Amino acid sequence: MSTAQHPPITVLTSSRAIVSGEMTAATIVVSLSTGKITSVFHSVLPPSSFPAETPYTDYSPHVLLPGLVDAHVHLNEPGRTEWEGFWTGTQAAASGGVTTVIDMPLNAIPPTTTVHGLREKVKAAEGQCWVDVGFYGGIIPGNVQELKPLIQYGVRGFKGFLIDSGVEEFPAVSSTDIAEAMAELADEPTTLMFHAEMIPPIADSVGDNVQWSLPPLAPIGPLNEYKTFLASRPTSFETYAISEILSLALLAPNLPLHIVHLSAIEAIPLLREARTAGIKITAETCFHYLTLASEKIQDGDTRHKCCPPIRTQSNQDGLWDELLWEDDGVIKTIVSDHSPCTPELKLLPPSIAGNQLPTPPSEDDKEMGNFFSAWGGVSSVGLGLPLLWTSAYQNNRKIAPEDIARWCCANTALQVGLEKSKGQLAVGFDGDVCVFDDEAEWVVGEGGEGMLWRNKVSAYAGKNMKGCVKETWVRGRKVYERGRGFVERKPGDARPCCSQRHNIRIIPCKAAHTSILS
């Protein structure tokens, strides 16, 4: 087997690359035997600098970014594979330059609340993943004895709900449950994360169940108007939940805490004050909170339903202000929270653009467009990079590729304990590379672009985008090329668990969390 036929390295170069957090010319050399970056040169080296027949591509003037790490994705398999699965979900991720996804513990059956549930997830993922995949564990009432074993099997953190999750197999936790989990995890190398919504003692609404409540808890307004739904989950739900979490934080002062999908800017002062007091707590926000605004949501357009809800334009501006704050902001990462379902569960009226229901219901079906009955979640995995870049372009925001690499690559890798292998174009890191054309323009959904997840329903259908991913590389091997699709493979070709002979792996292989974003 000659070296000429099977070169040991591949070389990617460009006049623009994000290396050590800075834009620079760079040449990236990746070992094909280990999948690791072996050299980084701060210039565009010619092909003659490498052995003959070495695979070499100069992508100038496109930007070479580290592969994105999406630290919040619902892949739903097994159990609800008709909603989403590893094959389609990871293809969608790869098409957007995402080379690592971390799967949330709920919406699959069984959920990842036991070692058995984790094993079922891993079994379902085998041979189906186009990018590297890691898993979170879940905290629910009564599973505290499962938490340490799940850490030993490599979950990247734990998530719990302080409000109804929407699925019966993943119930919400009480303050007592949280205290027990904190005691169990107090000195473990992991992160405890929360869906931070909680009904205050006095509220005008109680979430999705309001339509069956008696006044004054009944909704005020038509159920197909977004403002009615928004009023049913006010910012006080988030601030009250976060206050409850912070009140318990001293039970485990060394345990990092994290707020998933923060939407309400009113929570930012609470988190900043807590961090100043030494509490180890961070937050993430989502692409939809940064790019969608409640004022622009049509009546009945349930593609926009998610929890916490999409809030006002002024709230969106406040989230951006926090991200771009020069000091130590509390929002460290941006994730998709890709949470799809079947089209039928969205109850989307046929009149809404982008609806692709196989058999549209009649217009007089009173449930169509009901924000309270529709499943909540925005499908967006793989769209994050162009969404952020489009926001920068359309709103004159001072966002650079370096910022996106920090929020969506380096910091997300650090958040899930993969900062030694993911999120950087550096020697010793995985050869995960996203080739980004920051000038291209395209439309989500046209020709199938940007919506490769299983069910083609998204709040972003028809959106004009600035910037697109040209290629995605996972550990030195190209998995996606725009216009040509994916590397030819069939289901079952890949192997999990760090096999170097194949292009994907399930992360980790009994490798516990190593460090935490602070």
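Run down V30, V44, V69 and say which single residue is open to solvent by 50 Å² or more (accessible area, probe 1.4 Å) and of a type in the set (A, V, I, L, M).
Going through V30, V44, V69 in turn, just one is open to solvent by 50 Å² or more (accessible area, probe 1.4 Å) and of a type in the set (A, V, I, L, M): V44.
Output the residue which, of all residues in region 222-277 that are open to solvent by 50 Å² or more (accessible area, probe 1.4 Å) and part of a loop (DSSP other than H, G, I, E, B), is nearest to A374 (Cα to Cα).
N224
Search region 181-192 for residues that are under 21 Å from F135 (Cβ atoms) and pair each with any residue that is open to solvent by 20 Å² or more (accessible area, probe 1.4 Å) and of a type in the set (S, T, Y) when their beta-carbon atoms are under 7 Å apart and the residues are at least 6 apart or on different chains.
Partner pairs satisfying both residue conditions: P189/T514.
Please enumerate the residues belonging to region 136-154 that are in contact with a Gly (Cβ under 9 Å, 6 or more places away or on another chain), open to solvent by 50 Å² or more (accessible area, probe 1.4 Å) and either over 30 Å from G476 (Cα atoms) or at pLDDT 95 or above (or both).
Residue satisfying the conditions is E146 alone.
Identify the residue in region 158-179 that is outside any loop (DSSP other than H, G, I, E, B) and not hydrophobic (A, V, I, L, M, F, W, C) and, among all such residues, is surrounded by the fewest Cβ atoms within 10 Å (Cβ to Cβ).
T176
List every residue pair whose Cβ atoms sit under 6 Å apart, with the two residues 6 or more apart in sequence or on different chains, where the first one lies in region 154-167 and is without any contact (Cβ under 8 Å) to a residue 60 or more places away in the chain and the second, anywhere, is surrounded by fewer than 20 Cβ atoms within 10 Å (Cβ to Cβ) and among the aliphatic types (A, V, I, L, M).
Cβ pairs passing all conditions: F161/A172; D164/A172.
Taking region 292-304 as the region of interest, how many residues are closer than 17 Å to S339 by Cα and of a type in the set (S, T, Y)?
1
Here is a yes/no grid of residues against (1) out of contact with any strand residue (DSSP E or B) (no Cβ under 7 Å at 6 or more places or on another chain); (2) open to solvent by 10 Å² or more (accessible area, probe 1.4 Å); (3) closer than 29 Å to S174 by Cα:
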| residue | (1), (2), (3) |
| --- | --- |
| H62 | no, yes, no |
| E84 | yes, no, no |
| V115 | yes, yes, yes |
| V131 | no, no, no |
| G134 | no, no, yes |
| R156 | no, no, yes |
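Limited to region 278-322, what total is found for residues that are open to solvent by less than 30 Å² (accessible area, probe 1.4 Å), touching an Asp or Glu at 6+ places or on another chain (Cβ under 8 Å) and among the hydroxyl-bearing types (S, T, Y)?
Count: 0.
Collect the residues in region 292-336 that are among the acidic types (D, E) and part of a loop (DSSP other than H, G, I, E, B), keeping them in residue-number order.
Matches in region 292-336: D299, D301, E326, D327, D328.
Which one of K346, K305, K280 is of a type in the set (K, R) and within 27 Å of R397 (Cα to Cα)?
The unique qualifying residue is K305.
The values are calculated or read from the model by the stated rules, or taken from the named source; none is laboratory data. Treat the numbers as computed from the prediction; the structure is a model and nothing was measured. Don't worry about glycine lacking a Cβ; one is built from the backbone with ideal geometry, like all the others, and counts go over all protein chains shown. The area values use the complete protein model at the heavy-atom level, side chains included, leaving out ligands, DNA and RNA. Shrake-Rupley method; radii C 1.70, N 1.55, O 1.52, S 1.80 Å.
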